[in-house]
Amino acid sequence: MAVAGWYPDPAGVPGRYRYWDGSRWSTFTTEDPRRPAPAESPASGSLPDEPPPAEPPSQPSRRRRLGLIVGALAAAVIVVVASVIVIGNFRSTTGVPLPTSTASVTDNTSPNPTRTPRETSTPSATPTPSPRVPCPKGNPNQRARHPLDGRIYGGNLSFEEQPTFEPASVEPRFSFAYDVIQQTLPVSRDPAWIAQLAVGQLRGKDGFVHGARNTVESLVQCIITGDMYSPYLPTRTDIRSESLSIDGRSGWLIDSEITVDRPDIQVAGDHVIFIVVRDGRNWGFFFGAVPIGNAQLDAVLARTVRGLRAS
């Protein structure tokens with residue numbers, strides 16, 4: 001800065017200007033940079049011991065500052081409103097949609113899961129009422145009696161048998177559960193990867209007693225840290241987490257993507273739906289997983305979730 005004159009105060013005081021004498025800052029300040037240079041010549045290098053009294057701000061200066069403050073507040077409000085709209089639109093358009101009607105236990109129509117008012121807060125809020133249940137040792141091969149009617153039963157949940165999937169079989173990797181049955185579909189052979197649709201039971205005696213949300217979180221944890229995903233270095237990203245009701249049985253749903261970090265796997269990971277519903281002192285659970293980005297299998301998963309029944 002070589003030319004002498006009034007410049008914004010280097011101290012950063014808004015609306016104040018300090019005189020630069022061509023080689024250094026003087027002690028003269030003003031709020032009107034149009035005023036003449038100080039009486040003493042800046043070239044002489046003679047500076048006053050004390051700066052002259054600051055002039056009171058003029059009315060235009062006050063109005064200008066007030067206008068800047070009001071403008072800044074208005075811009076902040078616009079940013080907040082826009083953020084709320086974007087977040088709301090994202091939440092309303094992602095995930096597998098749930099229908100808006102349900103059937104009672106005695107109804108002969110095909111019942112559907114339905115949304116109920118969310119417990120506590122939005123899916124982004126992580127606190128839950130109780131700690132996760134350590135994964136217990138169950139017996140997935142222990143089967144209860146179920147109807148033979150073309151549906152796949154486990155615990156108190158069932159889904160319509162999918163003709164494009166393999167016949168129903170037991171999945172021993174659900175080692176923390178009981179009465180587990182599933183259908184699978186090979187996605188790749190070397191290394192092997194499958195799509196899965198499974199139902200089963202979690203028992204209260206094993207510690208699953210702290211509410212639907214805590215129970216489904218424990219289910220997620222046991223599956224991700226178990227033999228099904230842990231060898232593939234999984235990362236979980238939730239799309240939604242919300243309460244639901246199936247045939248009058250309250251429960252909770254978590255919709256997630258589980259990506260894997262293995263270059264030899266031909267898929268990025270799975271789009272997964274976890275559901276638990278009340279079964280007296282126990283819980284019925286549903287687990288559905290299809291490869292991320294596979295629209296055809298995503299449609300099968302969505303159709304299966306819509307067709308879940310509770311007994």
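Coordinate-derived values only; no laboratory data. Just so you know, these numbers come straight off a predicted model, no measurement behind them. Note: ideal-geometry Cβ built from the backbone for every residue, glycine included; neighbour counts use all protein chains shown.
General remarks:
- Full-stretch length increase - Ser175, Glu161 - with 0.36 nm per residue and alpha-carbon distance subtracted: 2.7 nm
- Per-residue Cβ neighbour counts within 10 Å put Glu31, Glu166 in the sequence Glu166, Glu31, beginning with the fewest.
- Model label points for Ser250 and Trp25, set 7 angstrom from Cα along the Cα-to-Cβ axis, are 6.5 nm apart.
- Amide hydrogen neighbours beyond the local backbone of Ala195, cut-off 5 Å, H modeled: Leu185, Val187
- Volume per residue that the Cα convex hull of segment 103-310 spans, once the total is divided by residue count, Å³: 119
- Fewest-first sequence of Arg213, Arg18 by Cβ atoms within 10 Å of each Cβ: Arg18, Arg213
- Rough spin-label spacing in nm, given labels placed 7 Å along Cα→Cβ, for Asp298 and Arg236: 2.2
- Shown is the FRET efficiency for Ile69 and Tyr7, computed with R0 = 25 Å from the Cβ-Cβ distance and rounded to the nearest 0.05: 0.60.
- Karplus 3J(HN,Hα) series, Hz, for segment 11-18 with 6.51 cos²θ - 1.76 cosθ + 1.60 (x for Gly, Pro): 6, x, 6, x, x, 10, 10, 10
- Full extension of the chain segment joining Gln221 with Asp261 gains 12.6 nm, where the gain is 0.36 nm per residue of separation less the Cα-Cα distance.
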